[in-house]
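The values are calculated or read from the model by the stated rules, or taken from the named source; none is laboratory data. This is a predicted model, so every value here is computed, not measured. Cβ placement follows ideal geometry from the backbone for every residue including glycine, while neighbour counts extend to all protein chains displayed.
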Amino acid sequence: MIGRGPLRLSHVLVVALLTAVFVWAGFVTHPSAAFASAGDGATAAPLAPHSVTLEANGATVQTTSDAATVGDFLRERNLSVGPHDYVYPDQDVPLSDGLAVTYRAAVSVTIETARDRVAVTSSADDVGSLLEEENIRLDAGDRVQPPLDAALPANGVVRIVHVVAWQRTERSAIEPQTIHRLDFSITPGSSRVLARGSRGEREDVVRFERLDGAPVTRTVVSSHVLRKARPQIVADGIDEYEAFARMEQRGVERTAYLAESALQMVATAYTAGCYGCSGITAIGRPAGHGIVAVDPSVIPLGTRLFIPGYGLAIAGDTGGAIRGFRIDLGFNSERDALLFGRREVTVYRLK
């Protein structure tokens, strides 16, 4: 206390000095607003939790933490960082609000080629990064399984197949097809070439591949016909009964789609020299193979027919005994007519 005596300059100086000391002491004792005074026992208030994004092994979560560093944060999340694991940012980086932390555990992978197998431990984010990490260079045609953008197969195998490939354009001949036609006008067992035919030519683009030194494979990528082949046509002499037997084996598959309708009929055979026959049919054509007698109320005259085992025919004649579902097939020789005899047939009326 300052007494009632006169105020001296020394008193003023002492008060100012004490005030300065107390102010200075306050700054030293309270350097941050984050700390609050509590009398003689002042303590620091805890920091507010930070909002952190964690991406761990492909899963992303948003969380909060008051950990001091990235390493403390990962330990808080029970993530034990191994020597090959990937962490970003580094573990000693202080945790801050809005920080994104990435953690990826390393896995064991075997890299396999035709000549070698290497076991590695890596935290690469995909197969392509793994190969870069191991300084493995791929040629343009090489194949990798799993693909380069796939995740590492934990405890699995990355297989590299070395591919050597090339293409070539090749030309080749197209052999002509031989078409045989039955001809009753030439001696049975003999043949005559009606058209010699000619070869065609094809141009192919071919791809060749060798995988890991294995035998070369050949694949036609595209094909283009430069010149069509012309078929060779051969006439074969044959008797009518032999023609019937051959055609019977083939069935009607190739001709039935042309048919407008089919009739089940009883067939007999005749020749131009039969008793009472004039040799000229009702439509004015000579009797013989290909001309059949019908009942015009069932099959009109002039109708084109196909009869399995007999062939193409025209409804061109009539007969006194040919009524209803009866048909009489013309033959060129009595022998062939007798061999045919009498049988049930399917008669197709063509469109």
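Looking only at region 308-332, filter to residues that are part of a loop (DSSP other than H, G, I, E, B) and touching a His at 6+ places or on another chain (Cβ under 9 Å); which one of those is nearest to Thr281 (Cα to Cα)?
Only one residue fits best here, namely Asn332.
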When residues of region 180-193 are limited to those that are surrounded by 13 or more Cβ atoms within 10 Å (Cβ to Cβ) and either of a type outside the set (Ser, Thr, Tyr) or part of a loop (DSSP other than H, G, I, E, B) (or both), the one modelled with the highest pLDDT: Arg192
How do the pairs read when you match residues in region 309-334 that are without any contact (Cβ under 8 Å) to a residue 24 or more places away in the chain with residues anywhere that are assigned to a loop (DSSP other than H, G, I, E, B), using Cβ under 6 Å and keeping only pairs 6 or more apart or on different chains? Ala313/Gly290; Ala315/Val294; Ala315/Ile299; Ala315/Leu301; Ala315/Thr303
For region 108-122, enumerate the residues that are of a type outside the set (Asp, Glu), modelled with pLDDT of 95 or more and either in a loop (DSSP other than H, G, I, E, B) or surrounded by 14 or more Cβ atoms within 10 Å (Cβ to Cβ) (or both). Ser108, Val109, Thr110, Ile111, Val120, Ser122
Scanning region 279-307 for residues that are touching a Lys or Arg at 6+ places or on another chain (Cβ under 9 Å) and in a strand (DSSP E or B), which turns out surrounded by the most Cβ atoms within 10 Å (Cβ to Cβ)? Ala293
Could we say that Gly251 is at positive phi and either at pLDDT below 60 or in contact with a strand residue (DSSP E or B) (Cβ under 9 Å, 6 or more places away or on another chain) (or both) here? yes
Among residues of region 123-156, those that are within 19 Å of Tyr86 (Cβ to Cβ), in a loop (DSSP other than H, G, I, E, B) and acidic (Asp, Glu), counted: 4
